[in-house]
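> Got a structure here, written out as structure tokens. Questions coming.
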Amino acid sequence: MSRDPHSLLAALYAGNQRFVSGAIESPNRHAGRVREVAASQRPIAAFLGCADSRVPIEIIFDQGFGDLFVTRIAGNVAEPAIIGSLEFGTEVLGAEVLFVLGHTRCGAVTATMQGADVPGQISTLYQHIRRATRESGGDIDVAVRRNVEIQAEVLREASPVIARRLKAGSLIIAGGVYDLDTGLVVPVDV
Ligand SMILES: [Zn+2]
């Protein structure tokens, strides 16, 4: 497989198409691949996705061991520890695609929009999502898309390491929204 960032992004979308159409190949999920990547890894993409149990990144893109460097957090928010992890996945491990993936009916986005009273530390997520909900006109689908755009913006602006690789063209940033009903990832311009 070519390591050109745009080809790698296209390969991810091809994997999602296989998943949606039921023609999955489950690549790189055999014991040989486990051994192959045991000593070193070079994932093709680093992901910022939601922790939602219905959005397992490797499965929806039909990928396997050693392919994706995945961070998941409720609301797919780019908070500091997540940014550090994504810097590791891109700068140190060499992933060429940085992908921010939201999903329809996201509980964290919905709760932020409603300003729901929640126990424990849950509300600390709100501060990262509030701008998206404010700019959504009260539409959850718009808020989810806007949240993807804003988190991508945070990654570009808060990380000189990521910004440098984007400028050099050795990394591209991509966004998408996973549809819980169809399994399809719809691209979002970021
Ligand atoms: Zn979610």
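> How about segment 90-121: which of its residues are in contact (Cβ under 8 Å) with a residue 24 or more places away in the chain, more than 12 Å from the ligand (Cβ to nearest atom) and in contact with a helix residue (DSSP H, G or I) (Cβ under 8 Å, 6 or more places away or on another chain)? Steps first, answer last, please.
Step one: of segment 90-121, the residues in contact (Cβ under 8 Å) with a residue 24 or more places away in the chain are 90-91, 93-110, 112-113.
Checking the rest, the ones that are also more than 12 Å from the ligand (Cβ to nearest atom) come to 90-91, 93-100, 113.
If the condition is that a residue be in contact (Cβ under 8 Å) with a residue 24 or more places away in the chain, more than 12 Å from the ligand (Cβ to nearest atom) and in contact with a helix residue (DSSP H, G or I) (Cβ under 8 Å, 6 or more places away or on another chain), then Thr90, Glu91, Ala95, Glu96, Val97, Leu98, Phe99, Val100, Met113 are the ones that fit.
> Further question: Given the options Arg54, Arg3, Arg35, name the one that is away from the ligand (no atom under 15 Å from the Cβ), of a type outside the set (Phe, Trp, Tyr), surrounded by fewer than 16 Cβ atoms within 10 Å (Cβ to Cβ) and in a loop (DSSP other than H, G, I, E, B).
Working: Arg54 fails: away from the ligand (no atom under 15 Å from the Cβ); Arg35 fails: in a loop (DSSP other than H, G, I, E, B).
Only one candidate qualifies: Arg3.
> Hey, does segment 89-98 have a residue that's under 24 Å from Gly169 (Cα atoms) and among the polar types (S, T, N, Q)? Show your work before the answer.
Filtering segment 89-98 for residues under 24 Å from Gly169 (Cα atoms) gives 89-98.
Filter once more, so that each one left must be among the polar types (S, T, N, Q): 90.
The answer is yes; a qualifying residue exists.
The numbers here are math on the coordinates, done by the rules we state, and not lab data. This structure is a prediction, so every number in the text was calculated from the model and none was measured. When we count neighbours, we look across all protein chains shown, and the Cβ atoms used for this are built from the backbone with ideal geometry, even at glycine.
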